[in-house]
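The values are calculated or read from the model by the stated rules, or taken from the named source; none is laboratory data. Keep in mind that this is a model prediction, so the values were computed, not measured. Note that each Cβ is placed from the backbone with ideal geometry, even for glycine, and that neighbours are counted across all protein chains shown.
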Amino acid sequence: MAEIILRRWGGELAIAGAIALFLLPLLGIPGKTYLTLTIAGLAMGMLLFLVASGLSIIFGLMDVLNFAHGSLFAWGAYVGFTVFNLMMDWVEADSVLMNLGVFAIAIVIAMIAVAILGIILERVIVRRVYGNHLFQILITFGATIVLVELISVFWGPNDEVMTVPFTFRGNWDVMDVIVDRYRVICIVIGLLVYSVIKLILKKTKIGTIVRAGVENREMVQAMGHNIFLLFTGVFAVGAGLAALGGVAMSVFSLQVYPHMGSTYLLFAFIIVIIGGLGSVTGSLVGALIVGLSYNYVAYLVPWAAAGSNVIIMIVILLVRPTGLFPSGE
Amino acid sequence: MSETVLKVEGVHTFIGQHHILQGISFEVGADAVTVLIGRNGAGKSTAIKTVMGLLPPSEGRILFRGKEIQRRKPYEIARMGIGFVPEDMGVFSGLTVEENMRVAMLIEDEATYQRLDRTLEMFADLRKFWKAKAGNLSGGQKQMLAIARAIVNDTSLLLIDEPSKGLAPIIVESLIEVINRIKDHSVVILVEQNFSMASSVGDNFYILDDGIVVHSGIMAELVHDEELKSNYLGISKVGG
């Protein structure tokens, strides 16, 4: 009986369950605070999505456990920080266009620089350890140490304050609900990036080949596609997305520091496991779950905030070991 | 034999510690379907995976139209005009039939689209389920898709690994028809355990046992050689 109900109404029940869980915190949180926390959670989720999506595609297609992803994220943040410092007039200008301009320039330069770093990393280090997870963990962990130390060499070991562009500062008061301006920008960036990635994966030939490669790499090769070139490209895109996440997150958290990557890498791995390896939609859903639950729990039971994500991950793995959106679905 | 398209000379292949191919040699001519037959574990699938570059040989030479290919990558070999249909069909389940075909099309020019049209005439079901996820196709339709992907390019040699495996007899009949049509345009190497199918489409045969070729010849002769079939293929004449 239960099986028949699940088969017939499984989708609807899952949506109802998700909405119920989403609204559950309302029992312990006043309505306006709940809305503020929800916006904060969505913004955090979108920022984490930027980090996790690259990691997920790299893992899904290349079967590579890239522990250096966090350090690429940190490099992105520092490149963005440098661009902000070089263009401080634009950052401090009371002009939306100039603020958006410097933000976009920082993102583009950070993505290009870190994508190049990613290509070097893949060609010099990662390519030698394809198919061996233990070596991948060891060698990318080693690369992390080198990349983080290089940050200390180039930018110094101390935390630096990241300046928020002038018009991004402050809040909007929407019917007594406090809405942080930059958080709205983060939500927009996240949705934009998700749409672009989906569009590329769905509508372009290279995207279709990448999706095919996530399913069966050997067959993609046997059909005449240079999988190694594809790997390099995907690694570069993954690194670029990490850099984008780094720039956006550093403005969000108002700081950059050499070890910032490791903090967010843990979140990214949780998201990738929850969402399903190789699935961009899975990364988005996983990131939103992590972002929202973190903010709700941090308000209700502050000491349990970090642990709540691990508990959610364990529950999802018990119910659906391949994650919410296994690749190919 | 007519012009040699593929020549395999003394090839050894290991899978991990296991020495699977132990000096295999065979030749494939331009005007025939060559069948590799033998018991389970004889090395048939390993042989065509080695030709395709998916398993690197430790020793020996593989020549395709006179050029050595044993050190080339699978994508380079595919681009030389060798198509491959693996035992598990290798269909991308999460992609639609259209997307599967699109991944297969190496060049999207007029000639390729003409070949696509011809291929879809041959496999009408693929056109019917053009926008459907390949994972939702039946076993026979998946096999058709796998073959269609391999012939949509200008393929001059087609390697097909056990196409009849797990399929209903009526589907196998239509597969035989398809392979007989394909051999007009392309040289075919077929790995097959189903002797009925092998003898229906094959012109020449090589019997593999423990990673070496133990017999070869013309298929029409093998059909009547009960001793050879009994010794190497486990096929006995009923009542004999």
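Report yes if A:F81 is under 21 Å from A:P157 (Cβ atoms) and touching a strand residue (DSSP E or B) at 6+ places or on another chain (Cβ under 6 Å), otherwise no.
Against the criterion (under 21 Å from A:P157 (Cβ atoms) and touching a strand residue (DSSP E or B) at 6+ places or on another chain (Cβ under 6 Å)), A:F81 qualifies.
Scanning the range A:310-325 for residues that are over 17 Å from A:V297 (Cα atoms) and outside any loop (DSSP other than H, G, I, E, B) gives A:I316, A:L317, A:L318, A:V319.
What number of residues within the range B:133-143 satisfy the criterion of being out of contact with any helix residue (DSSP H, G or I) (no Cβ under 6 Å at 6 or more places or on another chain) and aliphatic (A, V, I, L, M)? Working first, answer last.
At the first step, the residues of the range B:133-143 found to be out of contact with any helix residue (DSSP H, G or I) (no Cβ under 6 Å at 6 or more places or on another chain) are B:133, B:135-139, B:142-143.
Filter once more, keeping what is aliphatic (A, V, I, L, M): B:137.
Residues flagged as out of contact with any helix residue (DSSP H, G or I) (no Cβ under 6 Å at 6 or more places or on another chain) and aliphatic (A, V, I, L, M) within the range B:133-143 amount to 1.
Among the residues of the range B:54-78, the ones that are more than 9 Å from chain A (Cβ to nearest Cβ), of a type outside the set (S, T, N, Q) and on the phi < 0 side of the Ramachandran plot come to 13 in all.
If we keep just the residues of the range B:76-111 that are under 17 Å from the mean Cα position of the chain (by Cα) and over 18 Å from B:I189 (Cα atoms), which is surrounded by the fewest Cβ atoms within 10 Å (Cβ to Cβ)?
Applying the filter and picking the extreme gives B:V91.
Of the residues making up the range A:196-215, those that are away from chain B (no Cβ under 12 Å) and either modelled with pLDDT of 95 or more or surrounded by 23 or more Cβ atoms within 10 Å (Cβ to Cβ) (or both) number 0. Of all residues in the range A:216-231, those that are more than 7 Å from every other protein chain (Cβ to nearest Cβ) and touching a residue at least 60 places away in the same chain (Cβ under 8 Å) have Cβ atoms under 9 Å from Cβ atoms of residues that are buried (at least 22 other Cβ atoms within 10 Å of the Cβ) and not in a helix (DSSP H, G or I), 6 or more apart or on another chain, in A:F231/A:V64.
If only residues of the range A:164-201 that are among the basic types (K, R) and without any contact (Cβ under 8 Å) to a residue 24 or more places away in the chain are counted, the one that is nearest to A:G238 (Cα to Cα) is A:R181.
Note on the range B:174-213: among residues that are free of Cβ contacts under 8 Å to residues at least 40 places away in the same chain and aliphatic (A, V, I, L, M), the one that is surrounded by the fewest Cβ atoms within 10 Å (Cβ to Cβ) is B:I176.
Against the conditions (1) at positive phi; (2) facing chain A (nearest Cβ under 9 Å), B:G81 satisfies every one except (2). Looking across the range B:1-44, the residues that are under 25 Å from B:S196 (Cα atoms) and surrounded by fewer than 21 Cβ atoms within 10 Å (Cβ to Cβ) come down to B:M1, B:S25, B:F26, B:E27, B:G29, B:A30, B:D31, B:A32, B:R39, B:N40, B:G41.
Within the range A:210-269, which residues are aromatic (F, W, Y) and closer than 30 Å to A:F166 by Cα?
A:F252, A:Y257, A:Y264, A:F267
Of all residues in the range B:112-133, exactly one satisfies the criterion of being touching a strand residue (DSSP E or B) at 6+ places or on another chain (Cβ under 7 Å) and surrounded by 16 or more Cβ atoms within 10 Å (Cβ to Cβ), namely B:K133. Condition (residue is assigned to a loop (DSSP other than H, G, I, E, B), away from chain A (no Cβ under 14 Å), farther than 30 Å from B:R39 by Cβ and among the hydrophobic types (A, V, I, L, M, F, W, C)) applied to the range B:142-160: is it met by at least one residue? No, because not a single residue in the range B:142-160 is assigned to a loop (DSSP other than H, G, I, E, B), away from chain A (no Cβ under 14 Å), farther than 30 Å from B:R39 by Cβ and among the hydrophobic types (A, V, I, L, M, F, W, C).
For the range B:94-135, taking the residues that are within 14 Å of chain A (Cβ to nearest Cβ) and among the β-branched types (V, I, T), the one that is nearest to A:M219 (Cα to Cα) is identified as B:V103. Quickly run through the range B:16-30 and pick out the residues that are in contact (Cβ under 8 Å) with a residue 40 or more places away in the chain and over 17 Å from B:L208 (Cα atoms). If the condition is that a residue be in contact (Cβ under 8 Å) with a residue 40 or more places away in the chain and over 17 Å from B:L208 (Cα atoms), then B:G29, B:A30 are the ones that fit.
For the range B:122-134, name all the residues that are under 21 Å from the mean Cα position of the chain (by Cα) and part of a helix (DSSP H, G or I).
Keep residues of the range B:122-134 that are under 21 Å from the mean Cα position of the chain (by Cα), which gives B:122-123, B:126, B:134.
The answer is B:M122, B:L126, B:A134.
Against the numbered list (1) under 17 Å from the mean Cα position of the chain (by Cα); (2) more than 20 Å from A:S253 (Cα to Cα), A:S95 comes up short only at (1).
So that you can scan it fast, the table gives a plain yes or no per residue for (1) among the small types (G, A, S); (2) within 14 Å of another protein chain (Cβ to nearest Cβ); (3) buried (at least 21 other Cβ atoms within 10 Å of the Cβ):
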{"site": "A:I274", "(1), (2), (3)": "no, no, yes"}
{"site": "A:G282", "(1), (2), (3)": "yes, yes, yes"}
{"site": "A:S308", "(1), (2), (3)": "yes, no, no"}
{"site": "A:I314", "(1), (2), (3)": "no, no, no"}
{"site": "A:T322", "(1), (2), (3)": "no, yes, no"}
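B:I170 falls short on exactly one of the conditions (1) more than 27 Å from B:S230 (Cβ to Cβ); (2) β-branched (V, I, T); (3) touching a residue at least 40 places away in the same chain (Cβ under 8 Å), and that condition is (3). Yes or no: the range A:179-189 includes at least one residue that is loosely packed, with under 13 Cβ neighbours inside 10 Å, more than 16 Å from A:F81 (Cβ to Cβ), away from chain B (no Cβ under 14 Å) and of a type in the set (A, V, I, L, M). Yes, the range A:179-189 has at least one match.
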